[in-house]
Structure formats: structure tokens, C-alpha cells
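Below is one structure, written out as C-alpha cells, with a few remarks after it.
Here, each number is a calculation from the coordinates, and none is a lab measurement. As the structure is a computational prediction, the values presented were derived from the model and not from experiment. For neighbour counting, all protein chains shown are included, and Cβ atoms are generated from backbone atoms with ideal geometry for every residue, glycine included.
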Amino acid sequence: MEQVWYAAYGSNLSRDRFSHYLFGGRPSGASRTYPGARDRTPPTGDHPLLLPGRLYFAWESPTWTGGVAFYDPTVRDGAPTVAARAYLLTVQQFSDVAAQEMHRPPGDEVDVAGLLAHAPVATLGPGRYETLHQVGELEGVPVVTFSAPWTIETAPLNAPSAAYLRRIADGLREAHGWSAEQICDYLLDCPGVRPTWSRASLAGATD
């Protein structure tokens, strides 16, 4: 396997924000500077997706000073409900993104094909973004994302910051063409957002 679609569902929905994982630098609103990937070639594909499962916000991010997005594929309410954006990367680039998500320097290769050969879920480690999920295929290439080992029921829910929500809103507009009302409806339905965020405050933060 040489390529993989990385399905982003949090702040990486914003292409500008995601670019810092490849090119390095510090995203607007973040407190962290990223080293970037070894291969700084832009994604060779970019595609909106809807994933089965649920989005929620938990943990306390030192980068964003608030909760961050996680994906729980075990919650199935019928139609796909998690808005995502797939970037076509090399396996090396995906490995470097995964490393930086866990605050590690890029360098180690993730054996995506080997890990997911027998099951759609694989574990890289105990960390918050070290559980891999293959969520389908696109143009014959696997679509993979990562999340936490916990579920919504056991997660330490925590409201996200305005800066983090703004990056998600940017990505939802770019990839899915959503209106401000659609974005607010979607985010307010995610565990961890209420009661800290109301419709009015969320609209102000994501406009």
C-alpha cells in the first residue's frame, strides 16, 4: 500500500489548519508549532465524506485550551452523521500526521495495511489518537481515521474553544458547503458542546 485517504473530522477539516501537519508551522489560534511531514507534497486528493457514528468533544488540549473532536463509530443512529474530509496522502505522510497528533516527531512508519488486514480497527498505542479505523474505500484506496480508545459513554467530555470550533466551521464550509445554520445545528448536537455553547455564542464564534 502506497497511499491512504486520511479522514479528518475535527479541526483538520480546515485545509489551512491541516496543512501545518505537512508543511510545518503554527496554525491560527493554536499554541503549538508543528514540525511538518518528511514529505511536504500537498494531498493529491480532497473529498467530502459522511461517516457512520458520532462526533463528540473531550479531553483538554494544550494546543487549543479546550476539548477536541473524537470519533465514535459504535454509535449508529441510521444515516451517517459525522462530517469528514478525506485527504489522499502517502502512507509516510499519514504516519507523520499520526505521530504529530500524539506530539511525537515524525519518522516512524505506520504499517496501515498490516494493521488493518484482518479487522477494520487497529491499535497503535493507548493514546487519544492511536486507535485506527478503516471507514471504507474511495477510488479503491482505503479511507482511514484515528480516534481514542474510549467511547462517548466513558469519555471525559469537555467543551471546545472558540478557535478550535472556528477551524471546524471553516472546514465544513469548504468541504461540504454548509451554511452557518447547518454548522450550528451539527455542532450543537455533538456531546461536549452544550451547555457551554449556546446557539447564539456558537454562531458568533464560527461566523
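Annotations
- The residue list G24, L49, W64 was ranked by how far each Cα lies along the charge dipole of the range 3-206 toward its positive end, using unit charges on Cβ atoms, and W64 comes out on top.
- Alpha-carbon centroids, the range 112-128 and the range 79-105: separation in whole Å: 13 Å
- Alpha carbon centroid spacing (whole Å) that separates the range 2-70 from the range 142-160: 14 Å
- Here the chain carries DSSP beta bridges of which approximately 95% are antiparallel, counting only pairs with both residues inside.
- Answer label, with Rg and Dmax of the Cα atoms in Å calculated from the coordinates and candidates (i) 15.8, 47; (ii) 19.2, 64; (iii) 18.1, 52: (i)
- For R167, R26, R54, order by how many other beta-carbon atoms lie within 10 Å, fewest first: R26, R54, R167
- When the chain is treated as a GNM with alpha-carbon contacts under 10 Å, the residue of Y21, Y34, Y87 showing the greatest mean-square fluctuation is Y34.
- Taking all Cα pairs closer than 8 Å and separated by 6 or more residues, the relative contact order of the chain comes to 26 percent.
- Listing T44, T65 from fewest to most neighbouring C-beta atoms within 10 Å gives T44, T65.
- In terms of surrounding Cβ atoms within a 10 Å radius of their Cβ, I183, I168 rank from fewest to most as I183, I168.
- Estimated dipole of the chain in Debye, rounded to 20 [Cβ of Lys and Arg +1, of Asp and Glu -1, Cα centre]: 560 debye
- What the Cβ-Cβ distance of V121 and A200 gives, at R0 = 45 Å and to the nearest 0.05, is a FRET efficiency of 0.70.
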